[in-house]
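Q: Got a structure here, written out as structure tokens. Questions coming.
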Amino acid sequence: MPYSIYVPNRYILNVSTLGPFQNATSLHNDRIGLFHGDITTLSVDAIVNAANLLLLGGGGVDGAIHRAAGPKLLRECRTLHGCPTGSAKITNAYDLPCKKVIHAVGPIYNVNDPADSEIALRGCYRSSLELAVRHNLKTIAFSAISTGVYRYPTADAAHVACDTVREFMDSNDGPKLDKVIFVTFEEKDARSYNLLLP
Ligand code: APR
């Protein structure tokens with residue numbers, strides 16, 4: 001019986017799957033979720049921030065996470081000495097309801113080399129999933145990395161995100177995760193993910 005994660009006044013809905021998950025087994029159906037709202041409210045094991053190379057905060061979801069976590073998050077981030085694009089690093093979550101924050105550094109979309117941007121974006125999702133497994137975290141919620149300030153086309157990014165997560169779920173480490181949630185905040189993101197994960 002698929003379960004949902006309680007969020008104040010909301011439940012994560014399990015989703016049937018099309019797109020990259022169209023041939024998914026029930027294994028995937030039960031473990032992929034969509035949430036439309038503020039990622040800082042989720043009481044999951046880890047939330048994935050869309051950070052920048054310096055890992056010192058910023059606007060968008062990065063700003064929201066730092067505001068909700070409090071100043072200790074920035075203090076820990078300072079000890080990480082940045083993070084390369086296409087990778088991720090993990091910190092505690094402090095005043096947030098989740099246990100850990102994974103800071104992924106997405107690509108600034110390069111219209112002249114979309115393939116390079118896709119490789120970096122896949123790296124963000126894969127690195128975040130690997131960090132979650134390494135830290136024995138079971139539920140992880142992703143913000144829509146690079147689709148705001150970094151201008152990655154939302155529909156393309158959603159497809160890359162879903163395909164990378166499906167690949168990971170099919171790997172040996174896949175069963176170590178109970179739930180992967182895609183968080184949509186703006187309508188543009190919700191529309192793209194609803195098409196892939198109706
Ligand atoms: N909860 C969930 N998602 C959110 C929230 C929130 N509270 N706030 C914004 N978002 C969504 C945006 O709607 C967008 O879809 O996060 C996605 C990523 O957008 P950005 O936050 O702009 O991140 P990104 O495009 O990866 O650019 C990263 O922006 O904020 C700076 O420090 C950050 O320099 C880095 C750059």
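Q: Over the chain, with a Gaussian network built from C-alpha contacts below 10 Å, which listed residue (Val149, Val61, Val180) shows the highest mean-square fluctuation?
A: Val149
Q: Could I ask something else about it? What is the spin-label model distance, in nm, from Tyr94 to Ala155 if the labels are put 7 Å beyond Cα along the C-beta direction?
A: Each label point lies 7 Å from its Cα, and together they span 3.9 nm.
Q: Now, a different point. Name the residue from Ile90, Ala104, Leu129 whose Cα lies farthest towards the positive end of the charge dipole of the chain, charges +1 on Cβ of Lys and Arg and -1 on Cβ of Asp and Glu.
A: It is Ile90.
Q: Continuing with the same structure: Per residue of the chain, what 222 nm ellipticity follows from adding -39500 (n - 2.57) for every DSSP H run with n ≥ 4, rounded to the nearest 500?
A: Details: 6 runs with 70 residues, N = 198.
One gets -11000 deg cm²/dmol as the mean residue ellipticity at 222 nm.
Q: Give me, ordered by chain and number, the residues 5 or more places off Asn49 or on other chains with an amide H under 5 Å from its own placed amide H.
A: Close amide H contacts, sequence-distant or interchain: Ile102, His103, Ala104.
Q: Also: Compute the convex hull volume of the Cα atoms of the stretch 88-164, divide it by the residue count, and report the result per residue in Å³ as a whole number.
A: On the way: hull volume 6.9 nm³, N = 77.
Each residue corresponds to 90 Å³ of Cα convex hull volume.
Q: What does the convex hull of the alpha-carbon atoms of the stretch 30-155 project to on average, in nm²?
A: Details: hull surface 29.6 nm².
It is 7.4 nm².
Where a number appears in this text, it was derived from the coordinates with a stated rule and is not lab data. This structure is a prediction, so every number in the text was calculated from the model and none was measured. No Cβ is skipped: glycine too gets one built from the backbone with ideal geometry, and neighbour counts run over all protein chains shown.
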